[in-house]
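Worksheet: the structure to be examined is printed underneath.
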Amino acid sequence: MSRTTTTVGASLPDSWEELVTAALLGTDRRTPAGSAPGPGAPSALLDAAAVATVRRRAGLRPARAAERPRPAPADPRPPLPSAAARRLTMLLADRPGAFGGGRRGTAPDLMELLPQWLAAANARGFAAPPAALPALLDAARGRTDLRPAALRFAGPRALWLARFNPDWRFALRSTPGGGTSVPRLHDTEGIRRLWQEGLFAERVALLTALRSRRPATARELLSASWATERAEDRLMFLDSLRTGLGPDDEPFLEQALADRSRNVRATAAELLSALPGSALAERMAVRAGACVAVDRTRDTPTIVVEAPHECDAAMERDGVVARAPAGRGERSWWLGQLVEAAPLGSWSRRLGGRTPREIVALPVADDWQGELHAAWCRAAVRQRDAAWSRALLGEPSAPEAGGPGAVSLAERAKLLGTLDAAERAEWVAGFIETHGLSEAFQLLGVCAVPWAAPVGRAVVDALNIARDAGSYPWSFSGVMGLAERCLDPSEAGRLDALLAVPDEPENASPGAGGYWSEAFQRLVTTLRLRAAMLTELTPAAP
């Protein structure tokens, strides 16, 4: 360094921030203090920065070496078969939106197959390959529906890895005990300390874990601190009592009916109404029974309704919301809440010993049928009453498309959820055969996967009918997507005859035949891919 440069460099300020600012703005606009403007200013600035850099580095005190992270925990589960590991890499490499918003062609959507692959791998107890963990965590980060299965498959090493990347911290929050270990059941002091001192998420994880194994212990913890909890926290904690809900919870829930928060009161009332033997359920049965009766003086026995004329303080305490939503009459609003919360078993006694099917078949006077049956639908779903669900659903071939009590497709789907898988499949198959696929999309979503044979046959036959009729193919894209994920892979052979481009009727949509052919080719390819995935996950016999 020349004498001139040394002198200028030494005279420039020591402030690193000032040097950076001058460099960003340029020496023509801002000359650092101690430096003369002109053609030599840029060189002087660089010399000063070099000196400042050496000074900063030389003045840095050596820091204590960071503690090396502990090794990742071992995963005792058996490793994936090599073919399945390669398949996982392919599924994780696929990205949503690869086909854009246009024509998909015949290629399967691999990301939509990942949930099924994870479910099958978890059912067989395999461990995730360590090299696949980053991509697996990235996929779960982008899709919350994948997280439970992905984190179960990823195992303890994923939690270890998530502590080093803020983008993966969701894994610690999503896994009970991910952020902190839940004390063992016999560690009474550890449970008490975590409940009193833990963060909200830790307390929720603790309560959830205890509720699934020791419901009484969880309830006692919650009862001890109930009065000091925030309203929003009380609501979340109370919701955890759905797990293992039983008669022993009734005294605590009765106390919660007097809570300061309306949402807490409503949740407590809902939980109590799900206990048919609770005092609240009996109170609601008396109130609802006073509003509904059978008039035997008519030629045909008819249900008559006298809705409540007021919502008193006792009704509000039991969870009845006094203010009706916009567009709803107050009296019908109150009636619906009373009927929904009343035990369904009480109606047979109050309506002449009739069965649920006989009660639902009775005519209802004065246009109250829709309101009454809709409330019975909600009660059947809440109380998981299959007999009432069957009565309200009616026969799937009924001309009213679903039975006298089903007010919407969403209600029918909820009622079907109370039936066992085989009965549900038979009902949905019958519905499709009578009413077609356009009305059945929501109902297909509640069927067990893979679809039972009756549902699969009904869906394929209905698609074939729509194809032969030259229907607009894009109207069935949602059902096709469901079929790719839910149709049993063994159905692929039945679809081979549908792969050719059909002759288009005169009134068909232009180009519909080509689109139908593409859709069926993609469906068959996807089904065979799913079959191959399951084969790869099945260990070879020794």
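Tell me which residues, restricted to region 460-485, are more than 22 Å from residue 411 (Cβ to Cβ), part of a helix (DSSP H, G or I) and open to solvent by less than 40 Å² (accessible area, probe 1.4 Å).
Residues of region 460-485 more than 22 Å from residue 411 (Cβ to Cβ): 460-477, 480-481, 483-485.
The next check asks that each one be part of a helix (DSSP H, G or I); those that pass are 460-468, 473-477, 480-481, 483-485.
Residues satisfying the conditions are 460, 462, 463, 466, 467, 473, 476, 480, 481, 483, 484.
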* Residue satisfying condition, being at pLDDT 90 or above and open to solvent by 20 Å² or more (accessible area, probe 1.4 Å), within set 434, 538, 526 -> 434
* Could you figure out which of (1) of a type outside the set (A, V, I, L, M); (2) loosely packed, with under 11 Cβ neighbours inside 10 Å; (3) outside any loop (DSSP other than H, G, I, E, B); (4) modelled with pLDDT under 80 isn't true of residue 17? => (4)
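Of everything in region 405-438 that's of a type in the set (S, T, N, Q) and more than 24 Å from residue 375 (Cβ to Cβ), which residue is farthest from the chain's Cα centre (by Cα)? Can you show your working first?
Within region 405-438, the first condition is being of a type in the set (S, T, N, Q), and the residues that meet it are 408, 418, 434, 438.
So of that shortlist, the ones also more than 24 Å from residue 375 (Cβ to Cβ) come out as 434, 438.
Values: 434: 31, 438: 24 Å.
Filtering region 405-438 for residues that are of a type in the set (S, T, N, Q) and more than 24 Å from residue 375 (Cβ to Cβ), the one farthest from the chain's Cα centre (by Cα) comes out as 434.
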* Count of region 422-458 residues which are in a helix (DSSP H, G or I), within 22 Å of residue 520 (Cβ to Cβ) and out of contact with any helix residue (DSSP H, G or I) (no Cβ under 6 Å at 6 or more places or on another chain) -> 2
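Within region 246-259, take every residue that is acidic (Asp, Glu) and part of a helix (DSSP H, G or I) and give me the one that is least open to solvent (accessible area, probe 1.4 Å).
Selected residue: 249.
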* Is there a residue being within 27 Å of residue 497 (Cβ to Cβ) and either in contact (Cβ under 8 Å) with a residue 24 or more places away in the chain or touching a Lys or Arg at 6+ places or on another chain (Cβ under 7 Å) (or both) anywhere in region 415-427? -> yes
* **Matching residues, region 32-51, being open to solvent by less than 50 Å² (accessible area, probe 1.4 Å), without any contact (Cβ under 8 Å) to a residue 40 or more places away in the chain and closer than 12 Å to residue 18 by Cα** => 32, 45, 49
* To do: Please work out which one of (1) crowded, with 19+ Cβ neighbours inside 10 Å; (2) part of a helix (DSSP H, G or I); (3) more than 33 Å from the chain's Cα centre (by Cα) is the condition residue 348 fails and give its number.
  => (1)
* Scan of region 295-338 for residues that are closer than 21 Å to residue 263 by Cβ and of a type in the set (A, V, I, L, M), ordered by number -> 313, 314, 315, 320, 321, 322, 324, 326, 338
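Select, from 357, 328, 382, the only residue that is open to solvent by 50 Å² or more (accessible area, probe 1.4 Å), under 26 Å from residue 279 (Cβ atoms) and not hydrophobic (A, V, I, L, M, F, W, C). Don't jump to the end; show me each part of the working.
Values: 357 fails: under 26 Å from residue 279 (Cβ atoms); 328 fails: under 26 Å from residue 279 (Cβ atoms).
Among 357, 328, 382, only 382 is open to solvent by 50 Å² or more (accessible area, probe 1.4 Å), under 26 Å from residue 279 (Cβ atoms) and not hydrophobic (A, V, I, L, M, F, W, C).
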* Here are 169, 262, 213, 234: which of them is open to solvent by 40 Å² or more (accessible area, probe 1.4 Å), out of contact with any Leu (no Cβ under 7 Å at 6 or more places or on another chain) and farther than 30 Å from residue 139 by Cβ? -> 262
* Asked: Out of (1) open to solvent by 30 Å² or more (accessible area, probe 1.4 Å); (2) modelled with pLDDT of 85 or more; (3) within 22 Å of the chain's Cα centre (by Cα); (4) not hydroxyl-bearing (Ser, Thr, Tyr), the odd one out for residue 137 is which?
  -> (1)
* residue 77 fails exactly one of the following numbered conditions: (1) modelled with pLDDT of 90 or more; (2) open to solvent by 30 Å² or more (accessible area, probe 1.4 Å); (3) within 26 Å of the chain's Cα centre (by Cα); (4) farther than 25 Å from residue 166 by Cα. What is the number of that condition? -> (3)
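Do we have residue 194 as surrounded by 13 or more Cβ atoms within 10 Å (Cβ to Cβ) and in a helix (DSSP H, G or I) here? Quick ask: steps written out before the conclusion?
On the way: surrounded by 13 or more Cβ atoms within 10 Å (Cβ to Cβ): yes; in a helix (DSSP H, G or I): yes.
Yes.
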* Asked: So which pairs qualify, if the first residue must be in region 217-245 and outside any helix (DSSP H, G or I), the second must be surrounded by fewer than 14 Cβ atoms within 10 Å (Cβ to Cβ), the Cβ gap must be under 8 Å, and the two must be at least 6 apart or on different chains?
  -> 243/212; 244/212
* Subset of region 265-282 that is open to solvent by less than 30 Å² (accessible area, probe 1.4 Å) and not hydrophobic (A, V, I, L, M, F, W, C) - its residue that is farthest from the chain's Cα centre (by Cα) -> 278
* Asked: With respect to the numbered conditions (1) within 24 Å of the chain's Cα centre (by Cα); (2) of a type in the set (A, V, I, L, M, F, W, C); (3) open to solvent by less than 60 Å² (accessible area, probe 1.4 Å), which one is the sole condition not fulfilled by residue 449?
  -> (3)
* **Answer from 163, 230, 173, 169 - the residue that is charged (D, E, K, R) and over 30 Å from residue 68 (Cβ atoms)** => 230
* Are there any pairs, at least 6 apart or on different chains, whose C-beta atoms fall under 9 Å, with the first in region 278-300 and on the phi > 0 side of the Ramachandran plot and aromatic (Phe, Trp, Tyr) and the second at pLDDT 95 or above and open to solvent by less than 70 Å² (accessible area, probe 1.4 Å), and if so, which? -> none
* Structure fact -> Exactly one of 213, 230, 219 is within 28 Å of the chain's Cα centre (by Cα), modelled with pLDDT of 90 or more and more than 27 Å from residue 379 (Cα to Cα), and that one is 230
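Within region 283-293, count every residue that is crowded, with 16+ Cβ neighbours inside 10 Å and either in a helix (DSSP H, G or I) or over 39 Å from the mean Cα position of the chain (by Cα) (or both). Steps first, answer last, please.
We begin by selecting, within region 283-293, every residue crowded, with 16+ Cβ neighbours inside 10 Å; these are 283-285, 287-289, 291-292.
Within this subset, residues satisfying the condition of being either in a helix (DSSP H, G or I) or over 39 Å from the mean Cα position of the chain (by Cα) (or both) are 283-285, 287-289.
The number of residues fulfilling the criteria is 6.
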* Output the qualifying pairs, or none if there are none: Cβ atoms under 8 angstrom, residues six or more apart or on different chains, first residue in region 515-529 and without any contact (Cβ under 8 Å) to a residue 40 or more places away in the chain, second residue of a type in the set (Gly, Ala, Ser) and not in a helix (DSSP H, G or I). => 517/500
* **Single condition residue 318 does not satisfy, out of (1) among the charged types (D, E, K, R); (2) open to solvent by less than 30 Å² (accessible area, probe 1.4 Å); (3) farther than 30 Å from residue 255 by Cα** => (3)
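The values are calculated or read from the model by the stated rules, or taken from the named source; none is laboratory data. Predicted model only: the values in this text are computed from it and were never measured. Cβ sites come from the backbone with ideal geometry, for glycine too, and all protein chains shown count toward neighbours. These area figures cover heavy atoms from the full protein model, side chains too; ligands, DNA and RNA do not enter into them. Shrake-Rupley method; radii C 1.70, N 1.55, O 1.52, S 1.80 Å.
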